[in-house]
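Have a look at the structure below, then the notes.
The values are calculated or read from the model by the stated rules, or taken from the named source; none is laboratory data. Fair warning: this is a prediction, and the values are worked out from it, not measured in the lab. Here Cβ is always computed from backbone atoms with ideal geometry, including for glycine, and neighbour counts include all displayed protein chains.
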Amino acid sequence: MCHDAPVALPMSAQRLVAFLALHNRLLLRSFVAGSLWLDTPEERAQANLRSALWRLHRCNRDLVEVRGKQLRLSPEVEVDLREAEALARSALSDSDPDIHELAPGRLGDDLLPDWYDDWVLMEREQFRQLRLRALDALCERLTRGGRLGEALDVGLSALVGEPLRESAHRAVIRIHLADGNPAEAIRQYRLCRRLLGELGVQPSQQIKDLMRGVTTAQTIA
């Protein structure tokens, strides 16, 4: 966005903005160029960086702050990843009981899912683990608060993000049981068992113990 209007950027400029946004500090130009154009000779990589900076400058001269041999994203630029991370940590904080302002929909997506650069992959996995733990925690808090419809939405969102996450399956089962829907709980357990079985993994004793109150041992074995 530039002056509240969407702006199309060439891929080289998009990668530069993303790289600076993820690092969130002053970086040497040589480090940025070498990281973004890893398989390119140094002189060519530096030229590519100058070209990307020129394109960004045409859009908004305040987007990137350049200090001699260093640069960073302007501190005035809002980065949605940082906002989502703060939201996730708020959901994980036991000291913050107010869940009305949390927006679980903002924790439903991976970071730059179509990008495969190494510097993206590491950040993506870190954020993925954080947001999934936050969704688990938010689901539990909503369930305890009796907000079962919202809790179910959050639990299913976590499962979309990672279908093999047993803690999310357990959370959804608890919601169904709290809502008086044992058949739905059994269906969710069987789905979990089938998905884990495809990897040769058995459901944990935790989820089996959770189910023994609503069905027979033969059903959940």
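Report, by residue number, each residue of the range 19-51 that is under 19 Å from Val79 (Cα atoms), out of contact with any strand residue (DSSP E or B) (no Cβ under 7 Å at 6 or more places or on another chain) and crowded, with 17+ Cβ neighbours inside 10 Å.
Phe19, Leu22 - these are the residues of the range 19-51 that are under 19 Å from Val79 (Cα atoms), out of contact with any strand residue (DSSP E or B) (no Cβ under 7 Å at 6 or more places or on another chain) and crowded, with 17+ Cβ neighbours inside 10 Å.
Go over the candidates Arg193, Arg165, Arg170 one by one and state the one that is touching a helix residue (DSSP H, G or I) at 6+ places or on another chain (Cβ under 6 Å), basic (Lys, Arg) and buried (at least 17 other Cβ atoms within 10 Å of the Cβ). Lay out the reasoning, then the answer.
Working: Arg193 fails: touching a helix residue (DSSP H, G or I) at 6+ places or on another chain (Cβ under 6 Å); Arg165 fails: touching a helix residue (DSSP H, G or I) at 6+ places or on another chain (Cβ under 6 Å).
Every option except Arg170 fails the conditions.
Just to be sure, is Ala33 more than 26 Å from the chain's Cα centre (by Cα), more than 22 Å from Val120 (Cβ to Cβ) and either aromatic (Phe, Trp, Tyr) or at pLDDT 90 or above (or both)?
Working: more than 26 Å from the chain's Cα centre (by Cα): yes; more than 22 Å from Val120 (Cβ to Cβ): no; either aromatic (Phe, Trp, Tyr) or at pLDDT 90 or above (or both): yes.
No: the conditions fail for Ala33.
Can you find a residue in the range 101-112 that is at pLDDT 85 or above, under 14 Å from the mean Cα position of the chain (by Cα) and among the aliphatic types (A, V, I, L, M)? First the steps, then the outcome.
To start, the set of residues in the range 101-112 that are at pLDDT 85 or above comprises 110-112.
When the remaining residues are screened for being under 14 Å from the mean Cα position of the chain (by Cα), the result is 110-112.
Still in the list and also among the aliphatic types (A, V, I, L, M): 111-112.
The answer is yes, given that some residue of the range 101-112 is at pLDDT 85 or above, under 14 Å from the mean Cα position of the chain (by Cα) and among the aliphatic types (A, V, I, L, M).
Each row is one residue, and each column tells you yes or no for (1) of a type in the set (Asp, Glu); (2) modelled with pLDDT under 95.
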{"residue": "His169", "(1), (2)": "no, no"}
{"residue": "Ile175", "(1), (2)": "no, no"}
{"residue": "Leu195", "(1), (2)": "no, no"}
{"residue": "Pro203", "(1), (2)": "no, yes"}
{"residue": "Gln206", "(1), (2)": "no, yes"}
{"residue": "Asp209", "(1), (2)": "yes, yes"}
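Would you check which residues across the range 177-187 are assigned to a helix (DSSP H, G or I) and closer than 20 Å to Gly146 by Cα and list them?
From the range 177-187, those assigned to a helix (DSSP H, G or I) are 177-178, 182-187; that's our starting set.
Of everything in the range 177-187, those that are assigned to a helix (DSSP H, G or I) and closer than 20 Å to Gly146 by Cα turn out to be Leu177, Ala178, Pro182, Ala183, Glu184, Ala185.
List every residue pair whose Cβ atoms sit under 6 Å apart, with the two residues 6 or more apart in sequence or on different chains, where the first one lies in the range 51-65 and is more than 12 Å from Arg15 (Cβ to Cβ) and the second, anywhere, is outside any loop (DSSP other than H, G, I, E, B) and modelled with pLDDT of 75 or more.
Close Cβ pairs satisfying both conditions: Leu63/Leu56; Val64/Leu56; Val64/Leu71; Glu65/Arg72.
What is the number of the single condition among (1) without any contact (Cβ under 8 Å) to a residue 60 or more places away in the chain; (2) closer than 22 Å to Ala86 by Cβ that Thr143 does not meet?
(2)
Taking Gly146, is it under 30 Å from Ser90 (Cβ atoms) and in a loop (DSSP other than H, G, I, E, B)? First the steps, then the outcome.
Working: under 30 Å from Ser90 (Cβ atoms): yes; in a loop (DSSP other than H, G, I, E, B): yes.
Taking the combined requirement at face value, the residue satisfies it.
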